[in-house]
Amino acid sequence: MNQQTYENTGFLPISFEDMKARGWQQPDFVVVTGDAYVDHPSFGAAIISRLLEAEGWKVCVLSQPDYHTSDSMKEFGQPKYGFFIGGGNVDSMVAHYSVAKIRRTEDEYTPGGVMGKRPDRSATVYSRMAKEAYPNVPVVLGGLEASLRRFAHYDYWLDTVLPSICEDSGADIVSFGMSEHQTKELARRLAAGELVSEITDIDGTCYLTDFEHLPAKYIECAGFAKVSTDKVAYAKATRLQMDNQDSVTGQIVVQKQSEKYLVQNPPAVPLTRRELDEVYKLPFTRRYHPSYEALGGVPAIKEVEFSIIQNRGCYGGCNFCAITMHQGRRVTSRSADSIVAEGERIAQQPNFKGYIHDVGGPTANFRLPSCKEQMTKGMCQNGKKCLAPQACSKLLVDHSDYLNILRRLRKIPKVKKVFIRSGIRYDYLIRDPDDTFFKELVQHHVSGQLKVAPEHCAPNTLAAMGKPPIEVYNKFSKKFYELTKKAGKQQYLVPYLMSSHPGSTLKDAVILAEYLYKNHIRPEQVQDFYPTPGTVSTCMYYTGMDPYTLKPIFVEKTAEGKAMQRALLQYYEPRNAQKVAQALHKVHREDLIPLLAPAAMRGVKKQVQPNLPVKTPQNSHNRNQKAQTRRSMNPVVVPYAKQKRQGAAQWQNEGKSNGNPKARKKR
C-alpha cells in the first residue's frame, strides 16, 4: 500500500491512507482503471470518478492494480455499493501488441511508459478479480474495451470468435458508450438498495439472463455458437448490431452466449449541450497524479494536457472506426462559453507556454447533427453514410460556430496560438460554400502540418473503407495549398494512409504507390489495418464479405502480401526495393520498377524508362533539420518537413489501433 497521503492535492484517494486522511471509513464506489490515474477529461476514468463525486458519493480510484492477486482489489476495503471498472483509454491488447502481434516495449498510459503494469484483456481480468475479492459486490464494467466486446466478437489475437465480455468477465452489467447517464442512474439505484440483478432497464447497458427472463419485445441476432462457426451468420449479426446503435431507432438486441442470453438495451441518449458543459466544469486537475513524478510522469498527458475536447460522436462512418459502437454517430458539442472557459483555465496553468494544442474531438470540425432528420428519425441504416461515397444532399455544413469559438480562444490573454491537431474532415470542409473558416484555418490554426485521412486512393479500397473518392481529397489539397501560398506560409498536409484493409488487393496497393509517386508524397509512417473488435472492417476481415451486401471481399492475410502492400506505401525506401519489385512483377507492372524501386535494378541491364507524365522528384535534405522534401498532392511543389505525429503510438511503423476512439481521434 502507498504510505504517503495526497489529501491536499485535489486528486481523489488512491490508497487506504488517502481515504483515511479524508475521514472516510469506507468508499461508496471504487473506480478501477487500466491506466495511470490522470485527472483530465480526456481520460474516461477521470470523468466517471469526478461525475460520481459530484453526485455526492465517496469515490476512490484504483489505478493499475496488481493483476497477479485479487487482494489488490481490497486496497480500500469493500466498497459500500460497487465497483466501476474500465480497461483504460486504449484497448489493452492494442496497447500491448502491434498488428504483427509483436509485444510492444512501451505503454504511454503507464508511469514512465513502463510496459506490463496491466494485464492483457485488462477489463476482463479486473472484473474477475473484483468478483473474486468481493463476490457479492456489484461490478459495472465500462469503457472502450468493454463496449467493443459486448456481443460475441472476432478476436484477432487468438484468431477465433469469443463470447460477450459479459460472460467472460463475470461483470453484473456492461455499460457501453460514454456512460454518464448510466453511471448516475446505476449509482443512485444501487445506493437505494436495488439488487443489481434487477437493474435491467437502463439504456446503454447490457446484462445476461436466462430465456424465461428475456424482455417482452426484442430482436435477436445469431448466437455465439452460430457466429463462431458460420461466417454468413456472423456478418448478418454484425449488420443487425450496427443498425441498432442509434438512440432514436435502436431496439433491444438479444444474442445467446454459451448458456445465457446477452440483452443489449437501446443506446443511451447522448448528453445535451448543457449536460456536456456540466461534465467539463467538473474540478479536473488536468494532471497525472503527483505520485508518478518520481517515475517519469505519464507520457500520454503530453498530447492532451493543453487540448480541448469540443464535441463527441462522428457521423463520418468509416468502416474501420470504433466510434459507431462506442460514442455513436450523433454529434453533440459543448457551448462556446464552456469551451472558452476551459481555454481560460488552461491559460492560467503554471506550465502553459501559450499554445493550445487542439480544439477538437473524434472529428475536429463537426459541431452540428448531420441533418435535421437525424434528431427525430435517427441515423440512416443499412450502411448508408453521410459523406461517402458522395455527401448527402441533406448534410448540414456550417463552420461559423466553430470559427467564432476559435476566434474567442485566440483572444484569451497568454494564448499565442490555437492549433487544430485532431482530424479535420476534409470532405466536409470542402463542401462549405463559405471559405472563411478554411482561410482562417490555414492562417491561424495549423502548426506546420495538418492531419487528414484520405487512407487510400484505389476506388475499391475506399469503398470498402467507407471513404469518399480520392478526387474529393485532391480538391481539398489543391485549395489548401492555394490558401497556404496566399498566406505566405509553408504548411503541409500529413495524409494518413492504411495498407491491407479489406478490399485492398495488391493491384490497389500498386495504384496507391503510383499515386504517391506522381504526387511526390513520401509518407514516413504508415499503418497496417488492425482488426479490433466492434468495427465493420473487422467483420469483413474475419468473414471475407461485406455485412451489408454479403458479397465476397478480398482480404489480405498472408505475411508476404501484407509486407508487399506496406512496402509499396514507402516505395522510396531502399530497404523496400526488393518487396516493391516483387509486387510489381506479380501484378505485371514491371514498367514501374525504374521509378518505384530503382535500387532493385542495380546490377541489372539498364532498361528504358517508361513514358510516365512525371519525373522522379529531386529531394533536398537539410542535415540539421533532418527534413525530407516532398511535393503536395496538388501540382504545386512544396517542401515537406519531417512528420511529427501527435499520438505517435498510434502511428508507429508496426501500426497501432484504428479501433481506438482516442488513437486516431476515434475515426
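Exactly one residue out of Met115, Met178 is in contact with a strand residue (DSSP E or B) (Cβ under 8 Å, 6 or more places away or on another chain) and closer than 25 Å to Val279 by Cβ: that is Met178.
Residue by residue, here is whether (1) within 27 Å of Val331 (Cα to Cα); (2) surrounded by 14 or more Cβ atoms within 10 Å (Cβ to Cβ); (3) touching a residue at least 12 places away in the same chain (Cβ under 8 Å) holds:
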site: Val196; (1), (2), (3): no, yes, yes
site: Thr205; (1), (2), (3): yes, yes, yes
site: Val232; (1), (2), (3): no, yes, yes
site: Thr238; (1), (2), (3): yes, yes, yes
site: Ser247; (1), (2), (3): yes, yes, yes
site: Gly250; (1), (2), (3): yes, yes, yes
site: Gln255; (1), (2), (3): no, yes, yes
site: Ser258; (1), (2), (3): no, no, yes
site: Val263; (1), (2), (3): yes, yes, yes
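Looking across region 292-314, not a single residue is hydroxyl-bearing (Ser, Thr, Tyr) and modelled with pLDDT under 95.
Restricting attention to region 465-480, the residues that are part of a helix (DSSP H, G or I) and open to solvent by 10 Å² or more (accessible area, probe 1.4 Å) total 7. Scan region 420-451 for residues that are open to solvent by less than 20 Å² (accessible area, probe 1.4 Å) and under 17 Å from Lys489 (Cβ atoms) and the total you get is 9. Just for region 337-356: of the residues that are modelled with pLDDT of 95 or more and open to solvent by 40 Å² or more (accessible area, probe 1.4 Å), which one is nearest to Met242 (Cα to Cα)? Top of the filtered list is Asp337. State whether one or more residues within region 327-336 are more than 19 Å from the chain's Cα centre (by Cα), surrounded by fewer than 20 Cβ atoms within 10 Å (Cβ to Cβ) and at pLDDT 95 or above. Within region 327-336 (the criterion being more than 19 Å from the chain's Cα centre (by Cα), surrounded by fewer than 20 Cβ atoms within 10 Å (Cβ to Cβ) and at pLDDT 95 or above), the answer is yes, since at least one residue qualifies. Residues that are modelled with pLDDT of 95 or more and within 18 Å of the chain's Cα centre (by Cα) were ranked within region 427-470; the one that is farthest from Ser537 (Cα to Cα) is Pro454. Taken over region 35-60, the criterion of being in a strand (DSSP E or B) and under 22 Å from the mean Cα position of the chain (by Cα) is satisfied by Val38, Asp39. Looking across region 547-606 at every residue that is among the polar types (S, T, N, Q) and out of contact with any Gly (no Cβ under 9 Å at 6 or more places or on another chain), the one that is most open to solvent (accessible area, probe 1.4 Å) is identified as Gln578.
A residue that is part of a loop (DSSP other than H, G, I, E, B), among the basic types (Lys, Arg) and within 30 Å of Gln251 (Cβ to Cβ) can be found somewhere in region 353-376.
Just give me the residues in region 10-34 being in a loop (DSSP other than H, G, I, E, B) and on the phi < 0 side of the Ramachandran plot, in sequence order. Hits for region 10-34 are Phe11, Leu12, Pro13, Ile14, Ser15, Arg22, Trp24, Gln25, Gln26, Pro27, Asp28, Gly34. Looking at region 208-221, is at least one residue among the aromatic types (Phe, Trp, Tyr) and open to solvent by 40 Å² or more (accessible area, probe 1.4 Å)? Yes: region 208-221 contains one or more residues that are among the aromatic types (Phe, Trp, Tyr) and open to solvent by 40 Å² or more (accessible area, probe 1.4 Å).
Within region 492-508, being crowded, with 20+ Cβ neighbours inside 10 Å and among the polar types (S, T, N, Q) holds for Ser499, Ser500, Ser504. Total residues in region 114-151 satisfying the condition of being open to solvent by less than 10 Å² (accessible area, probe 1.4 Å) and small (Gly, Ala, Ser): the figure is 6. Cβ separations smaller than 8 Å between residues 6+ apart or across chains give the following pairs from region 394-418 residues that are hydroxyl-bearing (Ser, Thr, Tyr) to residues that are buried (at least 18 other Cβ atoms within 10 Å of the Cβ): Ser400/Phe437; Tyr402/Gln310; Tyr402/Asn365; Tyr402/Arg367; Tyr402/Phe437. Examine region 272-284 for a residue that is among the polar types (S, T, N, Q) and buried (at least 23 other Cβ atoms within 10 Å of the Cβ), and state whether such a residue exists. No: zero hits.
Which residue is most open to solvent (accessible area, probe 1.4 Å), if the candidates are limited to region 285-304 and must be under 23 Å from Gly343 (Cβ atoms) and outside any loop (DSSP other than H, G, I, E, B)? By that ranking, first place goes to Lys302. Is it the case that region 155-162 has a residue that's in a strand (DSSP E or B), within 17 Å of Val125 (Cβ to Cβ) and open to solvent by less than 10 Å² (accessible area, probe 1.4 Å)? Among the residues of region 155-162, at least one is in a strand (DSSP E or B), within 17 Å of Val125 (Cβ to Cβ) and open to solvent by less than 10 Å² (accessible area, probe 1.4 Å), which makes the answer yes. Only a single item in (1) more than 12 Å from Ala133 (Cβ to Cβ); (2) crowded, with 24+ Cβ neighbours inside 10 Å is not met by His96, and it is number (2). Can you find even one residue in region 64-72 that is in contact with a Cys (Cβ under 7 Å, 6 or more places away or on another chain), surrounded by 18 or more Cβ atoms within 10 Å (Cβ to Cβ) and outside any helix (DSSP H, G or I)? So far as region 64-72 goes, no, none of its residues is in contact with a Cys (Cβ under 7 Å, 6 or more places away or on another chain), surrounded by 18 or more Cβ atoms within 10 Å (Cβ to Cβ) and outside any helix (DSSP H, G or I).
The values are calculated or read from the model by the stated rules, or taken from the named source; none is laboratory data. Quick caveat: nothing in here was measured; it's all calculated off a predicted structure. Neighbour counts run over all protein chains shown; Cβ positions are idealised from the backbone, glycine included. Areas reflect the complete protein model, heavy atoms only, side chains present, ligands, DNA and RNA absent. Shrake-Rupley method; radii C 1.70, N 1.55, O 1.52, S 1.80 Å.
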